[in-house]
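Written out below as structure tokens is the structure these notes cover.
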2 protein chains.
Amino acid sequence: MLTAEIIAIGSELLTPEKTDTNSLWLTARLNEIGIDVKLKTIVGDDGARLEETVRDAMRRSDIVITTGGLGPTEDDITRVFTAKAVGRELVYHDDIEQHLRERFKAWGREMPEINKRQAYVIDGSEILPNPNGSAVGMFAEFDGKILAILPGPPRENQPMFNEHVLPKLKAVAGEVYVRRRLLRVSGKGESAVDEIAAPIYTAYPDVQTSILFNKSEVEIHVAATAEQPEQAQLIADELAEKLAEALGNAVFSAHGESMEEVVGKRLIELGQTVAVAESCTGGLIGSRFTDVPGSSAYFLEGAITYSNEAKTRALGVDPAIIAEHGAVSSECAEAMAKGMRDIAGTDHAISVTGIAGPDGGCDEKPVGTVFIGYSGPRGTKSVKIVLPGDRYLVRWRASQAALDYLRRQLGMA
Amino acid sequence: MLTAEIIAIGSELLTPEKTDTNSLWLTARLNEIGIDVKLKTIVGDDGARLEETVRDAMRRSDIVITTGGLGPTEDDITRVFTAKAVGRELVYHDDIEQHLRERFKAWGREMPEINKRQAYVIDGSEILPNPNGSAVGMFAEFDGKILAILPGPPRENQPMFNEHVLPKLKAVAGEVYVRRRLLRVSGKGESAVDEIAAPIYTAYPDVQTSILFNKSEVEIHVAATAEQPEQAQLIADELAEKLAEALGNAVFSAHGESMEEVVGKRLIELGQTVAVAESCTGGLIGSRFTDVPGSSAYFLEGAITYSNEAKTRALGVDPAIIAEHGAVSSECAEAMAKGMRDIAGTDHAISVTGIAGPDGGCDEKPVGTVFIGYSGPRGTKSVKIVLPGDRYLVRWRASQAALDYLRRQLGMA
């Protein structure tokens with residue numbers, strides 16, 4: 001299997017606010033054609049370190065991809081120090097400069113002289129055109145190793161990679177293909193999932209299986225390698241199906257779809273509609289529902305009833321329920337769901353009321369206490385959960401639990 | 001200024017789904033005490049590459065911090081190959097094993113034999129206790145360079161860094177302090193902001209100023225360095241205040257707060273309340289409002305009126321308005337805001353109706369067309385914007401524009 005390293009260049013990627021995300025997309029593309037990413041580096045405007053990083057990567061790995069640092073300003077050092085690392089000169093290309101001048105003219109501007117730098121290319125490399133920006137890319141083979149130099153902005157580097165780099169890499173990668181499946185599991189912990197899954201996946205020693213906990217769910221990643229893409233897919237599918245069968249209803253997503261996509265698809269299948277009444281999640285469930293294109297087919301409306309008065313007015317929750325049991329109670333959750341369904345005239349309604357924190361908890365109902373209500377053709381019910389985590393996590397997990405509760409009512413295997 | 005490199009270890013960080021986020025937190029802590037992060041590396045279960053990476057980092061930089069790879073399973077290679085990189089043996093510590101056995105016993109479990117590995121420590125390094133997990137950390141000085149080895153989970157490495165590593169680094173970093181300010185700007189592009197800001201910040205050559213575009217806003221990062229923390233803060237504040245004054249009302253956040261925090265604080269100052277009526281944002285604005293702890297003081301309720309029928313029933317929008325102008329219109333946005341305010345009895349209400357895409361656009365109202373409505377003590381009005389981007393970005397930017405529209409009505413400088 002061919003190995004690759006990815007080098008992201010830019011001082012902004014070494015600040016506390018920014019992380020390199022280009023490499024995630026590139027890793028996915030490389031993995032699909034059976035190329036293994038072994039190392040990622042992020043380097044700022046430090047020529048010596050960049051030069052050393054590129055040189056080491058070219059020695060250790062078959063393929064080296066750099067992103068960023070190709071702009072016209074002083075900080076953009078990729079051209080100079082990558083050329084040094086591979087022991088080549090930078091060569092000026094008049095046609096690139098003329099092309100840049102024309103582009104600036106088309107925008108009604110004069111090309112700043114500083115942009116001339118972008119007309120220099122490493123000797124012996126192929127120029128990769130950039131229809132979406134001013135920096136061209138480069139592709140070269142030096143001493144049997146491949147070097148691809150791409151601009152930083154995703155709208156520039158992704159099309160350039162797809163059009164000019166991917167076909168060349170496919171040709172050298174040969175007949176090794178990796179196909180992945182992602183199962184997502186709710187309502188079970190990491191070790192409980194592994195206990196069920198391990199006896200199954202250990203029978204596939206050539207498939208890479210990893211189990212990860214992610215915010216509110218357990219993910220099972222399956223990656224099968226074969227000499228034909230169809231064969232790799234077949235193996236990945238076979239293992240994924242066995243795992244899904246063993247885990248049953250806890251697998252909410254068999255192909256990596258989000259919970260809101262899964263629930264939305266099911267509602268479309270059933271030709272049914274839903275509404276949502278939210279207190280502590282404050283619109284998060286509605287936002288997740290409507291994040292899915294086409295959700296207007298099944299998601300009709302929602303009420304964000306943060307205040308008690310709104311619960312009564314907008315949902316018809318009897319003030320006596322709130323007075324007797326509190327707004328955070330199974331009784332209130334059920335009244336919210338039932339009220340929402342009656343008012344909206346939908347097939348289903350879900351509701352959430354709880355204590356997201358950091359304040360508002362008490363001994364009886366600590367922070368993280370959440371009641372989820374459901375109302376549908378077969379009646380109204382609710383469930384109490386106590387969620388760990390900070391305000392963000394409690395709200396996220398409550399939204400996930402509510403969508404999952406609805407999913408289970410919709411009778412999904 | 002001392003230099004640092006951060007090495008994140010774990011094959012999961014080389015998958016298309018995961019990126020290293022520990023380094024962001026560590027970078028912030030290091031920057032605060034004047035230590036410059038020069039390079040970040042992510043390496044998987046590849047002993048040779050890890051060994052080389054650690055060796056190179058120890059040669060190039062003053063401080064090397066590794067995170068992850070300290071667990072008990074086969075993949076956890078940090079101990080072995082970091083020891084090789086610094087040319088030291090691993091030494092078994094009976095007291096660590098006994099401590100681990102007791103912890104497992106306290107959880108009612110027998111310690112698996114595999115966990116014995118976690119009792120090995122690089123010779124000559126200090127053991128850093130881990131109250132939150134089973135892997136201890138290490139701290140050492142070899143040949144005048146500092147090496148800190150931390151576990152991967154943030155709940156384990158952050159307390160360990162704060163308690164055991166930070167004080168030691170502070171002692172060696174000496175009297176260099178960096179203090180940052182972050183201004184956030186809405187309603188102006190990157191180059192328009194730079195045109196105003198550049199004449200000001202170029203007068204502070206020792207302050208690092210960078211201007212970044214982020215989703216729906218422009219960020220101005222200011223980092224001042226001085227020998228005293230107060231002095232660094234003073235310089236950062238002086239420049240930030242000058243920039244804020246020049247940019248005026250476009251600066252919505254003078255200390256990096258989010259738009260929803262800024263608006264929330266202002267509503268608390270005024271002792272006023274707000275409600276929101278959302279169509280295309282589907283609950284996102286409510287979710288953002290209620291993401292802020294204590295938001296129940298001013299955010300009372302919201303209506304997610306995705307269907308036309310819900311707009312009429314829940315908000316009292318006259319069906320004739322929708323029939324004549326369409327649901328995506330200034331008339332409908334204003335009727336939604338006015339209806340919401342009247343029903344909820346709040347001081348202010350905002351509304352959003354638009355076309356988030358990918359479908360639903362037409363020549364007259366393309367995807368990205370959004371109307372924002374506002375209703376308050378001085379009347380009702382609306383604004384039309386056309387937002388670029390995919391569904392996710394249109395919705396996010398619409399929510400940001402709506403909150404910003406409210407902010408400007410609240411008379412914020």
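Between B:Lys170 and B:Val91, what is the FRET efficiency for a Förster distance of 30 Å, r being their Cβ-Cβ separation, to the nearest 0.05? It comes out at approximately 0.60.
Starting from the label point of A:Lys188 at 7 Å along Cα→Cβ, the same points in the other copies fall at 5.5 nm, in ascending order.
For A:Ser210, the point set 7 Å out from Cα toward Cβ sits 2.7 nm from its twins in the other copies, listed from shortest up. Could you work out how far helix A:190-201 tilts from the main Cα principal axis of chain A, as a 0 to 90 degree angle to the nearest 10? Here the helix axis deviates by roughly 60 degrees.
Note the count of lysine pairs whose C-alpha atoms are less than 21 angstrom apart in the range A:259-409, limited to pairs 8 or more residues apart or on different chains.
8
Across the range B:260-409, the volume of the C-alpha convex hull divided among the residues equals 93 Å³ per residue. Projected onto planes of every orientation and averaged, the convex hull of the alpha-carbon atoms in the range A:69-222 covers 13.7 nm². For the peptide A:272-282, the mean number of other protein chain Cβ atoms found within 10 angstrom of a residue's Cβ is 4.
With respect to chain B, whose longest principal axis is taken over its alpha-carbon atoms, helix B:94-106 is tilted by about 40°. For the protein assembly as shown, the alpha-carbon radius of gyration amounts to 1.00 times the rule-of-thumb value 2.2 N^0.38 Å expected for a compact globular protein.
Taking amide H as placed 1.01 Å from N in the peptide plane, the amide H of B:Ser253 sits under 5 Å from that of B:Arg184, each at least 5 places away or on another chain. DSSP finds beta bridges in the protein assembly as shown, and of those with both partners inside it, around 65 percent are antiparallel. Binning all Cα-Cα separations of the range B:179-253 at 5 Å, short to long from zero, yields these whole-percent fractions: 3, 18, 30, 25, 14, 7, 2, 0. Across the identical copies, the label point of A:Pro388 (7 Å from Cα in the Cβ direction) is separated from its matches by 4.4 nm, in order from shortest. FRET efficiency for the A:Asp143 to A:Ala323 pair, using the beta carbon distance and R₀ = 56 Å, is estimated at 0.10.
Taking 23 Å as the straight-line reach from the Cα of B:Lys170, the lysines in range (excluding those fewer than 8 positions away in the same chain) are B:Lys38, B:Lys40, B:Lys145.
Of the two radii for chain A, the radius of gyration is 1.09 times the Kirkwood radius, both from the alpha carbons; that is the Rg over Rh value.
Just checking the listed ones, B:Ala401, B:Ala48, B:Ala344: in the Gaussian network model of chain B with Cα springs under 10 Å, the one fluctuating most is B:Ala48.
Just how many % of Cα pairs in the range B:246-317 lie over 19 Å apart, if you round to the nearest whole percent?
Above the 19 Å cut-off, the range B:246-317 has 45 percent of its Cα pairs.
When the Cα positions of A:Gly271, A:Ile285, A:Ile200 are compared along the charge dipole of the range A:188-330, A:Ile285 comes out farthest toward the positive end, with charges on each C-beta of Lys, Arg, Asp and Glu. Other protein chain C-beta atoms within 10 Å of residue C-beta, averaged over A:45-52: 3.
In chain B, the longest principal axis of the Cα atoms and the axis of helix B:259-270 are about 60 degrees apart. When chain B is turned onto chain A, the axis of that turn runs closest to one Cβ of chain B, and that residue with its distance in whole Å is B:Gly283, 2. Electrostatic bookkeeping for A:Ala236 treats Lys and Arg as +1 and Asp and Glu as -1; over the other residues with beta carbon under 9 Å from its beta carbon, the sum is +1.
Over the Cα atoms of the range B:58-111, the radius of gyration divided by the Kirkwood radius equals 1.09; this is the Rg/Rh ratio.
No value in this document is a laboratory result; all are computed from the given coordinates. Since the structure is predicted, the reported quantities are computational estimates derived from the model, not experimental observations. Every residue, glycine among them, receives a Cβ derived from its backbone with ideal geometry; neighbour counts consider all protein chains shown.
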